[in-house]
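Inspection log for the structure reproduced underneath, given as structure tokens.
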């Protein structure tokens, strides 16, 4: 999972910040330093940007604090920076907050808060968050147990590259517990959700 998230950050950040602005160049310097394990330099490049509101730099600081890379490990600081970025719509920060609340390792476990942040990431097309939401609805973690909605999120995640087969397998397992009318309804829910660009989920 960690490798998937790292790859996601790298690929999205390279696409998002491919311009030549000073801010983008400083972010890229921090990203290059982070990738080579020079976390002190990454912190030095990202901190001023994060303080000026750059969501990717805020996300980078959140990751450094979460994992204690280049700075003392500090979950409260990690949450602070992730939240700033997540509130600006940064998908990686939203997913990271969801994962921290879900695991209960870095923060007190709070499935309701986890669902909140996973949903925000899922609604931006993050297939890993979509897969996890399927599981949370299936198991009733942070939300009432709802096999139709679980089927919907698994169905959506099954159309992506990441976890596609696992999502399809989970969707099909749930389908065995539903009537054919409910399966059709769940499929319609997934279609409507995707057609509305995740605003009607």
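Each reported figure results from applying straightforward, stated rules to the coordinates on display, with no laboratory input. Here the structure is a predicted model, which is why all the values come from computation and not from measurement. Using ideal geometry, Cβ is built from the backbone for each residue, glycine included, and neighbour counts are taken over all protein chains shown.
Side notes on the structure shown:
- Available extension along the chain between residue 35 and residue 105 is 22.7 nm, counting 0.36 nm per residue and deducting the alpha carbon span.
- Spin-label model, residue 74 to residue 139: label points 7 Å out along the Cα-to-beta-carbon direction sit 3.2 nm apart.
- Shape metrics for segment 101-201, restricted to C-alpha atoms - Rg then Dmax, Å: 12.8, 42
- Overall Cα dimensions of the chain - principal axes, largest extent first, Å: 57, 36, 25
- Label zone at residue 197, where the point sits 7 Å out along the Cα-to-Cβ direction: segment 98-136 residues whose backbone N lies under 15 Å: 123-126
- Per-residue [θ]222 nm for the chain (sum of -39500 (n - 2.57) over DSSP H runs n ≥ 4, rounded to 500): -23000 deg cm²/dmol
- The mean sequence separation of alpha-carbon pairs under 8 Å and at least six residues apart, normalised by the residue count of the chain, gives a relative contact order of 10 percent.
- FRET efficiency, 1/(1 + (r/R0)^6) with R0 25 Å, evaluated for residue 160 and residue 188 via beta carbons: 0.80
- Projected label distance in nm at residue 168 and residue 180, using a 7 Å step from Cα toward the beta-carbon: 2.2
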